[in-house]
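Trainee: Mind having a look at this structure? Questions to follow.
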Amino acid sequence: MKTCLKTERLELRLTQPEDFDAVHAMVSDYDVTRMTGTWPYPADPEFTKSRCVPADIELGLTGAIFCDGALVGTIGIASRDGGDPEMGYMFARAHWGQGYASEMGRALIAHCWATYDWPLIRAGVFADNPGSTRVLEKLGFTELEPGTAESLARGGSHPLRNFQLLRPQS
């Protein structure tokens, strides 16, 4: 496993095809996928396969998170279609509430500030996801105007809380 980032408990590496089983099991849990915008439910094996490939690091860093060799979730910050970079993450239910999102989120943000010339990072969480809201607040994100976003798993548009993190002043 080629590690991209390492924290006290976790390792992040680019997602690989061999991560399929663990990722597919994670996204087969409706309570995981309903908090995402782009993952379908029921889980679609072909869609999961399309996400289990290394992402282009020129656009940011996204990957799989491991604890003691087991995949516990995914996280990333990337700029797509020339827009502002966005942070997203999801964790298997068995790993909720253990501080993994905050721990790897801090490391990933530090890496991105050091690597990319972005003025800010954006994130959005569905309004009924207080856990992810707390993570973003711990990471220093500030809340912006609310909006709505599509969710493939839930179907339709749902209330969204929008956040941003400004690059620290040097």
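Trainee: Against the definition (touching an Asp or Glu at 6+ places or on another chain (Cβ under 9 Å) and farther than 24 Å from LYS138 by Cβ), how does CYS52 come out, yes or no?
Mentor: Numbers: touching an Asp or Glu at 6+ places or on another chain (Cβ under 9 Å): yes; farther than 24 Å from LYS138 by Cβ: yes.
For CYS52, the condition - touching an Asp or Glu at 6+ places or on another chain (Cβ under 9 Å) and farther than 24 Å from LYS138 by Cβ - is met.
Trainee: Taking the conditions exactly as written (among the small types (Gly, Ala, Ser), surrounded by fewer than 21 Cβ atoms within 10 Å (Cβ to Cβ) and at pLDDT 95 or above), does GLY97 satisfy them or not? Please lay out each step first, then the result.
Mentor: On the way: among the small types (Gly, Ala, Ser): yes; surrounded by fewer than 21 Cβ atoms within 10 Å (Cβ to Cβ): yes; at pLDDT 95 or above: yes.
Taking the combined requirement at face value, the residue satisfies it.
Results for (1) in a loop (DSSP other than H, G, I, E, B); (2) without any contact (Cβ under 8 Å) to a residue 40 or more places away in the chain; (3) in contact with a strand residue (DSSP E or B) (Cβ under 6 Å, 6 or more places away or on another chain); (4) over 21 Å from TYR100 (Cβ atoms), shown as yes or no for each residue.
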| site | (1), (2), (3), (4) |
| --- | --- |
| LEU12 | no, no, yes, no |
| VAL23 | no, no, no, no |
| MET26 | no, no, no, no |
| VAL32 | no, no, yes, no |
| GLU46 | no, yes, no, yes |
| ILE57 | yes, no, no, yes |
| ILE65 | no, no, yes, no |
| ILE75 | no, no, yes, no |
| ARG80 | yes, yes, no, yes |
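Trainee: Sticking with this one: Here are GLY140, GLY131: which of them is touching a residue at least 12 places away in the same chain (Cβ under 8 Å), of a type in the set (Gly, Ala, Ser), surrounded by 12 or more Cβ atoms within 10 Å (Cβ to Cβ) and assigned to a helix (DSSP H, G or I)? Talk me through it step by step, then tell me what you get.
Mentor: On the way: GLY140 fails: assigned to a helix (DSSP H, G or I).
Answer to the selection: GLY131.
Residues are listed down the side, and each one gets a yes or a no for (1) more than 15 Å from the chain's Cα centre (by Cα); (2) surrounded by fewer than 18 Cβ atoms within 10 Å (Cβ to Cβ); (3) at pLDDT below 95; (4) under 30 Å from ARG167 (Cβ atoms):
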{"site": "GLU46", "(1), (2), (3), (4)": "yes, yes, no, no"}
{"site": "SER50", "(1), (2), (3), (4)": "yes, yes, no, no"}
{"site": "ALA55", "(1), (2), (3), (4)": "no, yes, yes, yes"}
{"site": "ALA64", "(1), (2), (3), (4)": "no, no, no, yes"}
{"site": "ALA70", "(1), (2), (3), (4)": "yes, yes, no, no"}
{"site": "GLY83", "(1), (2), (3), (4)": "yes, yes, yes, yes"}
{"site": "LEU120", "(1), (2), (3), (4)": "yes, yes, no, yes"}
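Trainee: Scan (1) over 26 Å from PRO17 (Cα atoms); (2) outside any helix (DSSP H, G or I) for the single condition TYR89 breaks and write down its number.
Mentor: Every listed condition holds for TYR89 apart from (1).
Trainee: Just a yes or no: is a residue in region 162-169 modelled with pLDDT under 95, out of contact with any strand residue (DSSP E or B) (no Cβ under 6 Å at 6 or more places or on another chain) and surrounded by fewer than 17 Cβ atoms within 10 Å (Cβ to Cβ)? If you could, list the steps in order and put the result at the bottom.
Mentor: As a first pass, look at region 162-169 and keep what is modelled with pLDDT under 95: 169.
With the extra rule that they be out of contact with any strand residue (DSSP E or B) (no Cβ under 6 Å at 6 or more places or on another chain), the set shrinks to 169.
After this cut, where a residue has to be surrounded by fewer than 17 Cβ atoms within 10 Å (Cβ to Cβ) as well, the list is 169.
Checked against the condition, which is being modelled with pLDDT under 95, out of contact with any strand residue (DSSP E or B) (no Cβ under 6 Å at 6 or more places or on another chain) and surrounded by fewer than 17 Cβ atoms within 10 Å (Cβ to Cβ), region 162-169 yields at least one hit.
Trainee: Shifting gears a bit: In region 143-161, how many residues are loosely packed, with under 12 Cβ neighbours inside 10 Å and either touching a residue at least 40 places away in the same chain (Cβ under 8 Å) or at positive phi (or both)?
Mentor: 2
Trainee: Filter region 1-15 for residues that are surrounded by 15 or more Cβ atoms within 10 Å (Cβ to Cβ) and either over 16 Å from the mean Cα position of the chain (by Cα) or among the basic types (Lys, Arg) (or both) and give the result. Show your work before the answer.
Mentor: From region 1-15, those surrounded by 15 or more Cβ atoms within 10 Å (Cβ to Cβ) are 4-5, 7, 9-15; that's our starting set.
The answer is THR7, ARG9, ARG13.
The values are calculated or read from the model by the stated rules, or taken from the named source; none is laboratory data. Nothing here was measured: the structure is a model prediction, and the numbers come from that model. Every residue, glycine as well, gets a Cβ built from its backbone with ideal geometry; the counts of neighbours run over all protein chains shown.
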